[in-house]
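The values are calculated or read from the model by the stated rules, or taken from the named source; none is laboratory data. No experiment lies behind these values; they were computed from the predicted model shown. Just so you know, the surface numbers come from the protein's heavy atoms only, side chains and all, with ligands and any DNA or RNA stripped out. Shrake-Rupley method; radii C 1.70, N 1.55, O 1.52, S 1.80 Å.
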Amino acid sequence: KRIITPCFFNIVQMSQTENHSYTFDCVHLAPDEQIGSHQHSTWELSYVITGAGMRTIGDMTEPFSSGEVVLVPPGISHFDNKVTDTEGKIENITLLLDNTFLNNCAALGSELSEYADRFKKNTSAVKFTKEKSGAIIGILKKMCGENAAERIASIIKLIILIGESGGMKVVGKSQKTDKEKERMQQIQTYVVCNAKRNITLDDVARHIGMNRTSFCIFFKRTTGQTFVTYLNEHRIRLACQLLRQKKMSVSEICYAVGFNDVPYFNRVFKRCNGVTPRKYK
């Protein structure tokens, strides 16, 4: 695997060999180098250092921003579409743990097994409150300067911290796969990946293997709204993030999120939020 050095760490040590039951990864990379929609057989603990955007985990899609820490259980598909930093890149720390590691921790004694069991009871993806995130981030940053053996102790601290009750909010659940849900997931992922481009009904219909008319009927029946309304609402959520986080003009944001007409953007924004983009900013 390629080792990528982030801007604020001198060294990145990636711990993943056949003899390790965990992976520790610290990266600073361009969005097109990221993995697309995927799922693991492991637990994924991820800290977003730099980047913001829309996140899809299981059955939920919502905005996220830098500083968030999320735990995704095994088997739940997830995908992030990030707004980049000034270098056009994103930055994050990720820890992957398999159940073997957790079981080995539990075998060390009842004092630790209680926390390992609570950790494994998280069947939904969760993000942590500011206070709990701060404690987790402190440990993850410290791990960047540790060797593979030293990180074992830090991971045990994380298991205890996460195993403590409270400080979590569900951000995604595993969804049963049927044809309708699978199609909707494909559509959601397509929108998250391509919202900033010019998307046509024919494009998205072709992507999921339907003709335009059948797609429009399917989408309206499934969601209760037209695809154009759904796409516009997604773009407006992205615009709200940029208005809060970036020093960009309203017209720049309009084009950055996929609209090609500023007056139309203003009207859609006001319809969704009750105020104009300028007033919102």
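For a test of the definition: using alpha carbon positions, the gyration tensor, and the 1.5 limit on a/c, classify region 139-240 as rounded, prolate or oblate. Prolate, because a/c is 1.5 or more and a/b exceeds b/c. Among the listed pairs K142/K196; K157/K196; K132/K281, those whose Cα-Cα separation exceeds 32 Å are K142/K196; K157/K196. Measuring nothing but how far apart in sequence close Cα pairs (under 8 Å, 6+ apart) lie, relative to its length, region 133-247 scores a relative contact order of 15 percent.
When the listed pairs K181/K247; K120/K247; K121/K181 are checked against a 30 Å cut-off, the alpha-carbon distance exceeds it for K181/K247; K120/K247. For region 129-281, the solvent-accessible area of protein heavy atoms averages 56 Å² per residue (probe radius 1.4 Å; ligands and nucleic acids excluded). For region 160-222 versus region 133-152, the inter-centroid distance based on Cα atoms is 34 Å. Under the classification rounded if a/c is under 1.5, otherwise prolate if a/b is larger than b/c and oblate if not, where does region 94-166 fall, given a ≥ b ≥ c as square roots of the Cα gyration tensor eigenvalues? It is oblate, given that a/c is not under 1.5 and a/b is not larger than b/c.
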